[in-house]
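Visitor: Starting off with a structure, shown below.
Nothing in this text is a laboratory measurement; each read-out follows from the coordinates by a stated rule. This is a predicted model, so every value here is computed, not measured. No Cβ is skipped: glycine too gets one built from the backbone with ideal geometry, and neighbour counts run over all protein chains shown.
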Amino acid sequence: MNKNKKVLALKYRPQTFADLIGQDVVAETISNSIKANKVPNAYLFTGIRGIGKTTTARIVAKSLNCSNGTEELCKDDICENCKAISSSNHIDVLEMDAASKTGVDDVRDLIEFSRYGPTTAKYKIFIIDEVHMLSKQAFNALLKTLEEPPEYLKFIFATTEIKKIPITVVSRCQRFDLSRIKSLELFDFIKKIKDKEKGNASDDALKLIVKISEGSVRDALSLLDRALITLDNGKELDLTSAQRIFGYFDKSQLISLFQLIFEGKEAEVLNTYREIYNQGVEPKIFINDFLELLYYFKNIELLNVEGTNFLLNDEEFNRIKEISEKVSNETLILFWQFTIKVLEELDIVSNQHLSMEMFLIRLIHLKSIKNIPDNNYEETSQTNGNINKESLSQKKEGEDFFGIKDKIETIGQIKNIAQEKDIAFKDNKEIEVEANLINSFEDLLEVCSSKKEIKLKYELEKNINLVSFENQRIEISFNEDLDKDFIKDLSLKLYEWTNSRWIITLSKNKGQPSKKEIEVNLKNELIESIKNSLTYKNILEKFPDAELIDVRVNKERDKND
């Protein structure tokens, strides 16, 4: 193996546009503009880490300042300008890290330096990496120079956070979005590097490196560098060794784990996960791979082996396809949502390993809610014995499956499934309120008072407008202050008090004024009548600034009268 001390990411850094991989359109566009002498005032390169933003910036700088010209850019016999730019010590090409020089003073120094023309090259070029780190004041100080720089001055910006750059700056630049490197292209590239370094690694190990790097060339080369270090003893880096080095595990184990979950074998599921955990796999890596495999179970019919970005081999692809035929899409989507929630748990629990085991156990019980082989799911109400199944399986005339009224003026219906909950009464005598005792809205208010359901009564009196109340059906409208859990709470209490299911319908009709509105209206009428009385007028003659704000009725005096 080549013992060159330079890391691969630096050793094989592209030096010309021809060396760039995966950015053909960008390279061709920039190269043509330079050849046509239509060079913009500023370039802006954006994209994820490790795809060639700073490298492309240096290549542009060399293309503009190469002693041999753009047409014959240095490849083998490198000129002094290209050599200095590659090593970041050219006097006319200034590279600045905006992460460490973020202030307006740094930009002012830059602008001051730009007043002087280039010393040895054709252009003076400022390469600013991670430009989004500049402060707002620094960007503002840069605007005028950026829009109308001297003929000899060019700016090249690179960033991973394009949204953090002010639009006024972006509009003054020629923007290029560098894309992730395609898996096959990146695989061919690192395979060539492996051969040049005389490394001994299998294609499966290289495919794993491509997958982990997520389209980043620098990440792929760094991982390859790390892998080749282990080959001093002459052994081949196979997939198993690579998984151990990078903390990844065999996907066939995860596919087997899925199958055991679908079969409901709790002990085998835990044993399989513990084998994976003992290989040094972190819970978050496990969860991300779990989500990835869920995606393939859901969309396997729409993919081919080549479209899985080297995640799956032929055998694993066929296993997933076979298992997915027995699993419903609804179950897979439910698993996906549940797994996403578990990622949040991992940040708050101290023992993530135990949390993962409980996660898998919960998946097994979550799966048991539905009948996996068929798309017809079974209701879990068998465990609830006394639930009124008829109310869920039959619909009445004029209603849909859930008993929602078929009326044009009805805009919504909220029916809480909690109504169907089996309330275990010790004796029928414990049902203190029968259905026939709640026959009106006033009866409902009285029951709330007797049951000390103060919050429920408050909502009924203040935020509800009654449209109709008959035959265990309540149609209402409401204002924006209504509590979001009101319908659920009322439904549950009505079922608890009457042992019957009530239909609560929301209507777009205004309905009767609420109890609170009625009280306010009566009070206002009383105040107006007092203001028209002779007594009030006599008071105003003696106290012109007086204002009537409230009226209280003397109940004792009314009784005596």
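Visitor: Ranking Lys326, Lys211 by Cβ neighbours within 10 Å, fewest first, what do you get?
Guide: Lys326, Lys211
Visitor: Quick one: Val520, Val107, fewest Cβ neighbours within 10 Å first, how do they rank?
Guide: Val520, Val107
Visitor: Test of understanding: express the Cα radius of gyration of the range 69-184 as a ratio to 2.2 N^0.38 Å, with N the residue count.
Guide: Against the compact-globule rule of thumb, the ratio is 1.16.
Visitor: Hey, another quick one. Ordered by packing density, taken as the mean number of other Cβ atoms within 10 Å over each peptide's residues, highest first, how do 254-261, 127-134, 459-466 rank?
Guide: 127-134, 254-261, 459-466
Visitor: Ranking His90, His353 by Cβ neighbours within 10 Å, fewest first, what do you get?
Guide: His353, His90
Visitor: Once amide H atoms are built 1.01 Å from N in the peptide plane, which residues 5 or more positions from Ser179, or in another chain, come under 5 Å H to H?
Guide: none
Visitor: List the residues, sorted by chain then number, that are 5 or more residues from Phe478 or on another chain and whose placed amide H is less than 5 Å from its amide H.
Guide: Excluding prolines and chain starts, which carry no amide H, the hits are Asn465.
Visitor: Specify the inter-centroid distance of the range 322-339 and the range 1-67, based on alpha-carbon positions, in whole Å.
Guide: For the range 322-339 versus the range 1-67, the Cα centre distance is 44 Å.
Visitor: With θ set to phi - 60° and the Karplus curve 6.51 cos²θ - 1.76 cosθ + 1.60, what are the ³J(HN,Hα) couplings of the range 271-283 in order, to the nearest whole Hz, using x for Gly and Pro?
Guide: Couplings: 5, 5, 5, 5, 5, 5, 5, 5, 7, x, 7, 6, x Hz.
Visitor: Output wanted: per-residue J couplings in Hz (rounded whole) for the range 520-537, from phi through Karplus 6.51 cos²θ - 1.76 cosθ + 1.60, θ = phi - 60°, x for Gly and Pro.
Guide: After applying 6.51 cos²θ - 1.76 cosθ + 1.60, I find 5, 5, 5, 5, 5, 5, 5, 4, 5, 5, 5, 4, 8, 7, 5, 4, 5, 5 Hz.
Visitor: Using θ = phi - 60° and the Karplus form 6.51 cos²θ - 1.76 cosθ + 1.60, what ³J(HN,Hα) does each residue of the range 41-58 get, whole Hz, x for Gly and Pro?
Guide: 5, 8, 9, 10, 9, 9, x, 6, 5, x, 10, x, 5, 5, 4, 5, 4, 5
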